[in-house]
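Remarks on the structure that follows.
The values are calculated or read from the model by the stated rules, or taken from the named source; none is laboratory data. Bear in mind that the values here come from a model prediction, so they are computed numbers and not experimental data. Here the Cβ positions follow ideal geometry from the backbone for every residue, glycine too, while neighbour counts run over all protein chains shown. These area figures cover heavy atoms from the full protein model, side chains too; ligands, DNA and RNA do not enter into them. Shrake-Rupley method; radii C 1.70, N 1.55, O 1.52, S 1.80 Å.
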Amino acid sequence: MDTVTKSPASDVLEAEQAPAKKMYVKTFGCQMNVYDSERMTELMAPQGYSETADIGEADLVILNTCHIREKAVEKVYSDLGRIRQTKDERRSAGKQTVVAVAGCVAQAEGAEIARRAPVVDLVVGPQSYQTLPDLIARAQSTGRSVVETHFPEQDKFSQLPIARTAKTTTAFLTVQEGCDKFCTFCVVPYTRGMEYSRTVSELTREAEKLAEQGVRELTLLGQNVNAYHGEGPDGTPWSLAKLLRRLAQIDGLERLRYTTSHPRDMSDDLIAAHGDEQKLMPFLHLPVQSGADRILAAMNRKHTIAEYRRVIAKIRAARPDLAVSTDFIVGFPGETDDEFAQTLDLVDEIGFAQAFTFKYSPRPGTPAAKLGDQVPEPVKTERLSRLLERMDRQQSAFTASLVGRTLPVLFEKAGRGEGKLVGRSPYMFPVTVEARAGFIGEIAPVRISAAGPASLSGELVV
Ligand code: SAH
Ligand code: SF4
Ligand code: F3S
């Protein structure tokens, strides 16, 4: 496709005349993949593509994949098996289908994916999807699979369209990507590359566009978001706290969150922002992974339990109603019963409002996968169920503690049942409320009357 010789006007004409096509996007993994999927959809819109939920009518299928645990990768390959059938059926009906694998499996496995699953026409890593229309055209014209997994010199963000298409009143904004921490269990530094922070002016523009489209709550994303150090308008690196305060000035944006943070990078100015920046929500996801110092050291987490405890105490001093969420890995190589018991103790001590719990999954190329002392699967399973049980109780206690309180709820969408809407509490947990559809996009006080393990319900206070 030769766009270089055309004027912008003829590009527009071409876009208007492009035959209507459908794309089906399935997103695995973390919120950053959700953000990337939205950007890929936006990139394809000028080529005539609109989204469909029916894979059978899709001219383009994108699997935006996750490499974090073995299970996540297996899901991709089993999906590709089914997609082969769909592609064959469509071919029999005289229709072409381009199948693309994007995301972290694409980055980690590259050409191997197309070898293992020949149905795949395109493999594109998380740092190179800005050229998606060209890559698709290349796959179509050559009939051979195309693999693009370079980390380009120029960052992808500067090449993505500024216009965003917000679908709801909440949105994600990637502010930082990649990670230099190299926890010994984790693939992210290999799949997302070195840490990179976007500039404050670029982020302010994108956030303003989203606010103009009705976004009220923005979640800033980064694999290591509190290590953010993007260039400010004054040419100096700005911290996440400074960025948050800048974005808080945008009219219409009422709520800010950020995820995921590393305990080592909870700086004093960020902690202070939790105390005095009203738009910053009182909910923090701060992964700890284990309650035992020896395991944290083997994980190369670069912090101890005492340090984690201190950070939590400081943030709670700044913002007493802060709810803390975390991630745990059970069965890291060499983890003893006693060390696992220390994880259970930490749950009780910190009083997490929520936790994501995982069995350790050895990942190719990571240092921990080569350790000798791998924990047997049944032991991991047993530890996971004990941790889950403890966390379920704690989470239910947290949601129950909100009953009787009046919380500001941001209404997002219709709920199950006539006349019901679902909104978000400051603590993330969804709240079901009887309210007119006109409340969507509004923040209104709700008295919480009942709580389930992961959801709330209540009545509007008017
Ligand atoms: N950047 C974030 C998220 C990393 S992935 C962070 O630092 O927290 C999200 C979670 O997946 C991690 O916090 C960890 O708990 C889990 N995870 C990562 N690698 C894993 C592995 N090999 N096995 C099991 N869980 C893993
Ligand atoms: Fe992975 Fe550790 Fe980086 Fe998080 S901080 S992305 S767990 S290497
Ligand atoms: Fe998965 Fe990549 Fe996110 S491995 S968790 S999709 S950064």
- Could you pull out every Cys in the chain that lacks a partner Cys with its beta carbon under 4.7 Å away? C30, C66, C104, C179
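Compute the accessible area per residue over the range 388-462, keeping the other protein chains in place, probe 1.4 Å, unit Å².
52 Å²
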- Item | Förster radius 25 Å - calculated FRET efficiency between K26 and Q159 (Cβ-Cβ, nearest 0.05) | 0.55
- Query: Using alpha-carbon pairs under 8 Å, 6+ residues apart, how would you state the relative contact order of the range 327-462 in percent?
  - Reply: 20 percent
- Whole-percent carbon and sulfur share, accessible surface of the chain, 1.4 Å: 52 percent
- Item | 0 to 90° range, to nearest 10: angle between helix 337-350 axis and the chain longest Cα axis | 80 degrees
- Item | Theoretical FRET efficiency, 1/(1+(r/R0)^6), r = Cβ-Cβ of D293 and Q96, R0 51 Å, to 0.05 | 0.35
- One quarter of the C-alpha convex hull surface, i.e. the mean projected area of the chain in nm², amounts to 24.1 nm²
- Item | Net length gained if the chain between R116 and A454 were fully extended (0.36 nm per residue, minus Cα distance) | 117.7 nm
- Item | Overall form of the range 121-220 per C-alpha gyration tensor (a/c, 1.5; a/b vs b/c) | oblate
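Between D268 and R144, how high is the FRET efficiency from 1/(1 + (r/R0)^6) when r is the Cβ-Cβ distance and R₀ = 41 Å? Nearest 0.05.
0.15
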- Note on the structure: Note to self: with every protein chain in place and a 1.4 Å probe, the range 14-148 gives an accessible area per residue in Å² of 45 Å²
- Item | the chain, relative contact order in percent, only Cα pairs under 8 angstrom and at least six apart counted | 9 percent
- Ratio to report: Rg/Rh of the range 156-401, with Cα atoms as the point set and Rh obtained by the Kirkwood method; give two decimals. 0.99
- Task: Compare the peptides 126-139, 377-390 by average per-residue count of other Cβ atoms within 10 angstrom and give them in order, highest first.
- Result: 126-139, 377-390
- With +1 on each Lys and Arg Cβ and -1 on each Asp and Glu Cβ, and nothing else charged, work out how big the dipole of the chain is about its Cα centre, in Debye to the nearest 20. 580 debye
- Task: Calculate the length of the line joining the C-alpha centroid of the range 57-92 to that of the range 186-246, in whole Å.
- Result: 31 Å
- Note on the structure: For V462, the net charge from surrounding residues (Cβ-Cβ under 13 Å; K, R +1; D, E -1) works out to -1
- Message: Please enumerate, by chain and number, the aspartates and glutamates with C-alpha under 14 Å from the C-alpha of K167, excluding those fewer than 8 residues away in the same chain.
- Response: E38, E42, E51, E212, E217, E412
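Decide, for the range 32-78, between rounded, prolate and oblate: order the square roots of the alpha carbon gyration tensor eigenvalues as a ≥ b ≥ c, take rounded if a/c falls under 1.5, and otherwise choose prolate if a/b is larger than b/c, else oblate.
oblate
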- Item | Shape category assigned to the range 327-462 from the gyration tensor of Cα positions, a/c cut at 1.5 | prolate
- Message: Could you compute the net charge surrounding Y24? Neighbours are other residues with a C-beta less than 15 Å from the C-beta of Y24; K and R count +1, D and E count -1.
- Response: 0
- If you add up the charges near R82, with Lys and Arg at +1 and Asp and Glu at -1, over every other residue whose beta carbon is less than 14 angstrom from its beta carbon, what do you get? 0
- HN-Hα J couplings of the range 125-131 from phi, Karplus 6.51/-1.76/1.60, θ = phi - 60°, integer Hz, Gly and Pro as x? x, x, 9, 10, 6, 4, 9
- Hey, what angle do you get for helix 200-212 against the long axis of the chain, alpha-carbon based, 0 to 90 degrees rounded to 10? 90 degrees
- Message: Given an 8 Å cut-off on Cα distances and at least 6 residues of separation, report the relative contact order of the range 14-148 as a percent.
- Response: 22 percent
- Task: Under 25 Å Cα to Cα from K302, which lysines show up? Leave out anything in the same chain fewer than 8 places away.
- Result: K181, K242, K314, K359, K370, K380
